[in-house]
Each structure stands twice: as structure tokens, then as C-alpha cells.
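What follows is one structure encoded as C-alpha cells, with my remarks underneath.
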Amino acid sequence: MSSPPPELLRRLADRLGPKGYSDDPADLDPWLTDWRGRYRGKAEALLSPATAEEVSDVVRLCAEAGVPLVPQGGNTSMVGGATPDSSGGALILSLRRMNVIRSLDREANLAVCEAGVVLETLHQAALAEGRRFPLSLAAKGSATIGGLVSTNAGGTQVLRFGTMRSLVQGVEAVLPDGSLFNGLSPLKKDNRGYNLTQLLIGAEGTLGIVTAASLKLVPAIGSRVVAWAGLASASDALRLLRHLEAAIGDVVESFELVPRTALDLVLRHVPGTRQPLSEPTPWNVLIEAVSPIAAESPEKPLYEALRSALEIGIIQDVAIASSEAQADDLWRLRETISEAERHHGPAAKHDISVTVEQMPAFMTSAAAEVEERFPGTQVIAFGHLGDGNVHFNVAAPPGAGPEWFEGEGGQVTMLVHDLVTAAGGSISAEHGIGQMKLGELTRLADPARIAAMQAIKQGLDPWNIMNPGKLVPPVDGAAGSLARGGLNP
Ligand code: 2HG
Ligand code: ZN
């Protein structure tokens, strides 16, 4: 990809003004590297429109010139989904200035948020109205609504509320020719053909730029209980989940699996954390049970259910938080695993899913196979067991540097993905494909899926200007290749 034409850059600068356009390398620098520091790209300008109309004009100008755009929200992608390639041919389109909560209707239980609204800001705004947006993840302080929609993000409450896909009522988006699709209207029924909102969710910015979304709210938490259980095995964790479901039903919102290896990393690298149980156990589960009614605390039912789990030997030990501060401390042990892992050294990340019932056996056998075939590696698999999704991360042997990813790390990834595919699972459960998994998706997805994705991409973005080199396997095998010429060549 060659550099964007100076004439285009001049027109973009005129349209966006000094707040919305920068080609200062210091402004650009933080946005050229992904959160994990695995990908580093180049771009000549950072475009930061403040309205959907400005996004529309930017996209039209870029489509006319055939210049690609890499949309970016909080830059928290785990798969290099928001990092431009190293050619310098693309421009970064940041949605961070579009950060208005346009409306928050407590009666209708709906919030209309612009793409750049940070998840935590929405949480706080909803709470002020006695409501909540029931999707949360460790990056909530920087992840934005546009990115969460575009990646169909998951997190720690999927068990009860589903992924972003089930929480988005509609979207507003700029399509690759610059036209504005307004799908925000909160209609319960709408059969005017293809569901463009659902198509744009999880499209990773390859079909258009999500500029706003209407999001479903639920009643605020009235009372919650957080517990930490110690167990002997991952299959006991699944037994515990079923035991709790039978005993107390869907008040259980979060059920997060933490192996001792992950907890040890957190205790070592994250200041202020401490062992939650008196004796460490091989596996742990963080449980949160929630009631919307303050007077109907789920504490007693959860306590009883955990007591019987202890009696019949499903769990070895348990701690129940007795204050909000203790509950937050337990959550911190879970939410800082990625950060602790980043301090620890290189790790090949695998965000995988199989069925919930399969997961414990899969984790055990796959971990044994990886560690045997690649001596010195250590599997640290944690996360959303109740969704059949764990982060099956494989730490490199001690002393390995970033070059490990290109050699052995790549072979580890192929093995893990082969095992997941053979088990009928997915190589991307909640993080998306981005650039990191494009090769593996191309290698492993069935031809029907790939051909349909390519046809949709070609139909909506024949210029291949929307986040090229991400998610969609290129037809000609040249990732991100672009025929300059654009909309009106
Ligand atoms: C989580 O569940 C995130 O904490 C990150 O999805 C997972 O770092 C990871 O692999
Ligand atoms: Zn996760």
C-alpha cells in the first residue's frame, strides 16, 4: 500500500479541523501499537471526527481515494484488530471524540451511546438512573462501545446476559461508501430484510464504522454476593456450576475459572493482592450472585448451596466476601490475570470455545499434549467456564523473547487450534480474529463460511478500505491488498 495522497490529507484536515486531524508523530505514536505490544503499525494521520456526519465525510473522501481506514476505540484488542499494518498506507480513524450518551431512558431500559463512550462511563450513567448495562470486562476503563459492538465482546456476565450481540438493540453506522445507516430505532419487530445491525456486530470494522448503538439496560444491582471456591479439578468446577444452577438458578451471573497458575501470577505481579483461601487449591472459581432487590440478598441461598457443595466434596474450601471491598478484592484477582501474564513474559493466547460440557476434559487433555510436545511451556487456561470459553494461554519457556511467537509459539497455536477444531469448537470465542488469527481462520474455517464472508465484504466494501487485513480472508491471498482507485476513480 502506498502513502495516502497529500491532496486527500489536506481535504481531511480541512474537514476535521485541528481537533479532529493530526499528523504529529507524538499524537499518533500511542495508537500505532496494540495493548499487548505484539503489533506495531504505521499511519500518516490520526482522524478523530466528532460527529457521524464527519465520519461519513471522512469515509467518502477515503473511499474516493481508495485509502484504507483502521477504526479504533480504546485500543484494547487482544488480536491486533485496531492496529494498522506497517505499510503506512492506512489512516487511523479514532472514534474517541464521539463520546456522548445521547439518551438514557430508564422506562424503556435503553441507552443510546456514541461509539467512543467508555464502558465504565456507561456503567456509571446507568447506575445514576437505577439501571445497569450488564456487560463487563477487565478493560472497562478504556474499552469503548464501538469496539465492544464491533468485536461482539463477551466478558464476565455472558452466562446470564449473553454477549454484545444480545445486548444491542440497534446501531448507527457509516457504510464503506460514506452513507449513513440509521438502525437505532428501538423497534421490537422489524422485518425489512437482512439484519444489518447483527451483521455489523462482530464485523471488526470491515463492513463499516459503527458510530452509535442503542443498548439494553436491566435493573441495577440491589444486592450481590461474591464468593471464591477452591477445587481439585476443572471438572469439579463444572459440577459446581450445575450444582449452583439446580440450587439457586439464574442469580449466578458470573462463574469464572482461575487455575492456581494464574492466581500465582497475579499474586506475584499485581501489588496489593493476597491469597483468598487459607491453603492454595489447584483450581478456583469466582462466583457472583446478584439480585435486583436490595432486601432479597442471594447471600443465604448461595451460602447454603456452597455449604452443601463442600459437604459432598465438590469444593475443597470457600471464602465469601463480607463487604463490597472484599468483593472487589476477589474480582481484582480475576480481572488482573491478563496484566499479570503480560508482566510474566510472552504467551501464545488462545481464546477458544467448545461446549460447556466438553471443556474440562478438553482443557486437561490439550494442556497435557501441549506441555509434552513443547517442553518448558506452561498452559494457563482461565476464564468463562460457564460459557464454554477459556483463554487457553501458553506461556513460553523461561527466557524466551518476542521471537518465540514466530517460531515455536506459532506451532503451539496451530496445535491448540487443531485440537479445538477437531472438538467442533471455535478458535475465537470473544476476542475476534483481527490480524492475529486471520491466517488460522483461513487455514481452519470451512470453505462455505469463508466464501460467504468474502462475498459480503466484496458486496459492501469493494474498495477494501475498511480495516483491510483483518477478519476476512483475502480473495487473492494478499491480505490487505488494495486496488487504489476507489469510489469514483
Ligand atoms: C479476560 O477474560 C479477557 O480476562 C482477556 O478476555 C483474556 O488475556 C486474556 O487472554
Ligand atoms: Zn475473557
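Among 394, 363, 314, flag the residue with its Cα farthest along the positive direction of the charge dipole of the range 284-403, charges on Cβ as +1 for Lys/Arg and -1 for Asp/Glu.
394
What FRET efficiency comes out for residue 192 versus residue 19 if R0 is 56 angstrom and r is the Cβ-Cβ distance? Round to the nearest 0.05.
0.90
Just need the relative contact order of the chain here, percent rounded to a whole number, with Cα pairs under 8 Å and 6+ apart.
Rounded, it is 16 percent for the chain.
Could you give the dipole magnitude of the range 340-393 about its Cα centre, charging the beta-carbon of Lys and Arg +1 and that of Asp and Glu -1, in debye to the nearest 20?
Dipole magnitude for the range 340-393 comes out near 180 debye.
In what sequence, highest mean first, do 91-101, 418-428 appear when ranked by Cβ atoms within 10 angstrom?
Highest to lowest by the protection proxy: 91-101, 418-428.
Once Lys and Arg get +1 and Asp and Glu get -1 on their Cβ, which of 161, 201, 246 lies farthest toward the positive end of the dipole of the range 152-257?
246
May I ask you to order 356-363, 166-173 by the average number of other C-beta atoms within 10 Å around their residues, highest value first?
Result, highest mean Cβ count within 10 Å first: 166-173, 356-363.
Counting Lys and Arg as +1 and Asp and Glu as -1, what is the net charge of the other residues whose Cβ lies under 15 Å from the Cβ of residue 345?
Value of the local net charge: 0.
Taking K and R as +1 and D and E as -1, what net charge do the other residues with C-beta under 11 Å from the C-beta of residue 411 add up to?
Every neighbour counted, the sum reads -2.
With a point put 7 Å past each Cα toward its Cβ, work out how far residue 296 is from residue 160 in nm, to one decimal.
1.2
For the range 122-201, what is the charge dipole size about the Cα centre, in debye to the nearest 20, if Lys and Arg each add +1 at the Cβ and Asp and Glu each add -1 at the Cβ?
Rounded to the nearest 20 debye, it is 340 debye.
What is the magnitude of the charge dipole of the range 284-363 about its Cα centre, with +1 placed on the Cβ of each Lys and Arg, -1 on the Cβ of each Asp and Glu, and no other charges, expressed in debye to the nearest 20?
Roughly 220 debye for the range 284-363.
Mind ordering 449-458, 433-442 by average Cβ neighbours within 10 Å, highest first?
433-442, 449-458
Add +1 for every Lys or Arg and -1 for every Asp or Glu among the other residues with Cβ under 10 Å from the Cβ of residue 219, and state the total.
My count for the surroundings of residue 219 gives +3.
Values quoted throughout were computed directly from the atomic coordinates according to the rules given, and no laboratory measurement underlies them. Predicted, not measured: the structure shown is a model, and the values here were computed from it. Cβ atoms come from the backbone with ideal geometry, glycine included; neighbour counts cover every protein chain shown.
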